[in-house]
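A quick write-up on the structure given underneath.
The values are calculated or read from the model by the stated rules, or taken from the named source; none is laboratory data. What you see is a predicted model; the values in this text were computed from it and never measured. With ideal geometry, Cβ positions are generated from the backbone for all residues, glycine too; neighbour counts draw on all protein chains shown. With ligands, DNA and RNA removed, areas are computed over all heavy atoms of the protein, side chains included. Shrake-Rupley method; radii C 1.70, N 1.55, O 1.52, S 1.80 Å.
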Amino acid sequence: MSRIGKMPIAIPAGVTVDVAENNMVTVKGPKGTLSRVLAPEMEIKIEGAELTVNRPNDLKRSKSLHGLTRTLISNMIVGVTNGYEKALEINGVGYKAAKEGKKLVLTLGYSHPVEMVDPEGIETKVDGLKVVVSGIDKEKVGQFAAEIRDKRRPEPYKGKGIKYVDEVIRRKAGKTGKK
């Protein structure tokens with residue numbers, strides 16, 4: 001049995017979970033609504049304030065979908081109650097970020113400023129050299145943060161670029177001259 005898959009999910013007060021046909025799960029909470037179609041073979045049961053996910057058999061596909069399905073539903077419930085945040089840090093001389101309405105404008109040493117429009121359901125905040133991406137969908141928040149980081153990845157020699165706040169950059173020694 002999947003250790004993660006067999007754990008029940010507690011449904012907090014103020015959150016409603018609805019399972020429609022073809023395992024269309026809709027979660028409504030104080031921050032918004034998320035819906036997703038999950039694997040049709042998984043059996044999702046709501047009993048009171050708990051939700052459980054069961055698998056029909058012990059095939060490899062069923063085993064791998066068991067924990068995944070439970071985690072996806074759990075992430076949806078956490079998203080509509082607390083939301084998700086990813087913080088990025090900009091390092092480098094002359095590198096900066098600014099917000100213009102729904103646009104994030106990054107100056108990253110290129111010949112032009114890089115402009116990124118916030119996707120639907122995602123909000124970015126700029127605080128000096130820190131960019132915070134927040135929203136209710138964990139997948140979208142992580143994807144947009146990764147796209148921002150991709151505009152100028154941190155390099156190992158001087159550590160310049162955009163990195164996650166909790167990311168550690170492995171530094172390399174520079175060239176040594178010949179004697």
- touching a residue at least 24 places away in the same chain (Cβ under 8 Å), open to solvent by 40 Å² or more (accessible area, probe 1.4 Å) and under 24 Å from the mean Cα position of the chain (by Cα): does that describe Thr16? no
- Message: Need a quick list: strands (runs of 3 or more DSSP E) entirely within segment 71-179 having at least 1 residues that are open to solvent by 90 Å² or more (accessible area, probe 1.4 Å) and in contact (Cβ under 8 Å) with a residue 12 or more places away in the chain.
- Response: 84-91, 96-100, 114-117, 122-127
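Of the residues Leu38, Leu59, only one is open to solvent by less than 60 Å² (accessible area, probe 1.4 Å) and farther than 30 Å from Thr107 by Cα; which?
Of Leu38, Leu59, the one residue that is open to solvent by less than 60 Å² (accessible area, probe 1.4 Å) and farther than 30 Å from Thr107 by Cα is Leu38.
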- Note on the structure: The condition from (1) open to solvent by less than 60 Å² (accessible area, probe 1.4 Å); (2) without any contact (Cβ under 8 Å) to a residue 24 or more places away in the chain; (3) over 30 Å from Lys125 (Cβ atoms) that Ser64 misses is numbered (1)
